[in-house]
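Read the structure below first, then the notes.
Nothing in this text is a laboratory measurement; each read-out follows from the coordinates by a stated rule. The structure displayed is predicted, hence computed values, not measured ones. Positions of Cβ are backbone-derived with ideal geometry, glycine not excepted, and every protein chain shown enters the neighbour counts.
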Amino acid sequence: MKTIAELEQQKVALLKKFAPSSMEVATLDAQLEQMRSALRNTMDRIVESVSVEFERYKQEKEKKQELLLKVQEREKELLQLLNEYERLRGDVETNRKLYNDYLGTQRQLESAAYSTPRTVEVIDRASVPTAPVSPKMSLNLMIAFFASLLASTGLVFLIEHFDDSVRDDITLKKAGNLEPIGTIPYIKADKQKRRELITFDAPKSGPAEAFRAAMISIISLLKEEEGSKIILITSAETKEGKSLISSNLAAAFARWGKKTLVIDSDMRHPSLHRTFGIEKEKGLSDYIISKDEPIDAFVRKTPIEGLSILTSGTIPHSPADLLGSERMRQLIPQLKQEYEIVLIDSPPTLGMADTMLLSSYATAVILAVLVGKTSIDALKRSIDLLRTSDAKILGAVLNEVSPRRSRYYYYSYYYRYYRPYGEKE
Ligand SMILES: Nc1ncnc2c1ncn2[C@@H]1O[C@H](COP(=O)(O)OP(=O)(O)O)[C@@H](O)[C@H]1O
Ligand SMILES: [Mg+2]
């Protein structure tokens, strides 16, 4: 069979002899066309089969890549398993050693039991474990449970250990051998029952009862003292309940039938006037500054029968100068003549001289202590300070401001100290 190239050469030769439109040339052209189309068909088929093959290879390659990824993942898993296995094998090794030790000890004990009088008896033989020694899920869980229990209990003990606040009679004794005069629980308040006057507003309530118990303690502890009593209420620092205790104790004394005066001497942070809903002006500071007005012009009556009040007065530049003045000193005997009980709500002891000056006039000093807040150290320092001024420290009133911490709610000192006023032991 002739090739396309040979036929084309033949055509060139024919064209020299015949016209292009001749029969011979036309036959040759038809032959050429047939061969060309056959060639095109063959080439198409080849291209098609090659592309099919290419597609197949491509898919195969993708599959292999997927497989490779899977193999790599599996390899990673195997490595992890291998690590785990190594770890467990270590555990098994340790446990086996332990087990052998036990076995050795057991043998020693057994031989000792045979060689000496039988004081040791084998109760139950140790059996070889049938299940793997490790890891023991239930054991691990139990250990974790007890460890966490131990940790939390330890934490509670630590917190208690490092808590240096006054919490109860024991810490009170530790701070300065202080007598507990009473414990005031957390007081809930509303419009009808004011916290600061709970003994008056809700005389049958638990807190009112606690104040009465404290009052009885005070009366009892002071029964040797003749005549009227000047009682100073202070605390180591601010906001420990001095004012609340002063106003309630004052109301309790008045209701008990004592002619009582309550004085707000905290000229830096006065608050008693607010308790009774009056102005603080024309009070103690104004009296001291005024040279000759009588004290009656400054003392006011309260809605509580038998209770009068001397408010702080205009806030002065230097309260200490006023409280240490001669006029203040001379005021005390006058008050004693007029009232059976004078309660002085005073400033904190630490950091200023005011209370020290006042304490020298007082028959007795009572410290307000905020349970869980007043630090033993601060209380100690206040007591030391007060003792340098010869003040008679009667004891402390524990004030529990937080309802959560109220442990002593109806724990009353009433029964411990209660004896009708004036009766001998
Ligand atoms: N036992 C208590 N229950 C509820 N709140 C209290 C109690 N004692 C004091 N508070 C409140 O704590 C705050 C401080 O008391 P306060 O008597 O003014 O302290 P201080 O006179 O020592 O600065 C006040 O708002 C008072 O109402
Ligand atoms: Mg106050």
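In terms of other Cβ atoms within 10 Å, Thr171, Thr388, Thr311 run from fewest to most in the order Thr388, Thr171, Thr311. Within the stretch 211-347, antiparallel bridges make up roughly 10 percent of the DSSP beta bridges whose residues both belong there. Ordering of 272-279, 44-51, 192-199 by packing is 192-199, 272-279, 44-51, highest average first (other Cβ atoms within 10 Å, averaged per residue). Rounded to the nearest 20, the size of the Cβ-charge dipole of the stretch 212-347 about its Cα centre is 360 debye, with Lys and Arg at +1 and Asp and Glu at -1. Residues Glu400, Glu55, arranged from fewest to most other Cβ atoms within 10 angstrom of their Cβ, appear as Glu55, Glu400.
Checking the table Lys242/Lys373; Lys193/Lys282; Lys97/Lys136; Lys242/Lys392 against a 20 Å threshold on Cα-Cα, which pairs fail? From Lys242/Lys373; Lys193/Lys282; Lys97/Lys136; Lys242/Lys392, over 20 Å: Lys193/Lys282. By the count of neighbouring beta-carbon atoms within 10 Å, fewest first, Tyr85, Tyr99 end up ordered Tyr85, Tyr99. In the chain, what percentage of the DSSP-assigned beta bridges are antiparallel, given to the nearest 5? Antiparallel bridges: around 10 percent, rounded to the nearest 5. Taking the Cα centre of the chain as origin and assigning +1 to Lys and Arg Cβ atoms and -1 to Asp and Glu Cβ atoms, the resulting dipole is close to 580 debye. Straight-line cross-link partners of Lys2 among the lysines, defined as a Cα under 27 Å from its Cα and at least 8 positions apart when in the same chain: Lys11, Lys16, Lys17. Rounded to the nearest 20 debye, the dipole magnitude of the stretch 166-417 is 940 debye, with +1 charges on Lys and Arg beta carbons, -1 on Asp and Glu beta carbons, and the Cα centre as origin. With helices as the sole contributors, the chain gives -17500 deg cm²/dmol at 222 nm; each DSSP H run of n ≥ 4 counts as -39500 (n - 2.57), and the sum is divided by every residue.
Looking at the square roots a ≥ b ≥ c of the eigenvalues of the Cα gyration tensor of the chain, which shape do they give, rounded for a/c under 1.5, prolate if a/b is larger than b/c, or oblate? Oblate, because a/c is 1.5 or more while a/b does not exceed b/c.
Note: relative contact order over the chain, using C-alpha pairs below 8 Å and six or more positions apart, is 20 percent.
The peptide list 18-31, 224-237, put in order of mean Cβ contacts within 10 Å with the highest first, becomes 224-237, 18-31.
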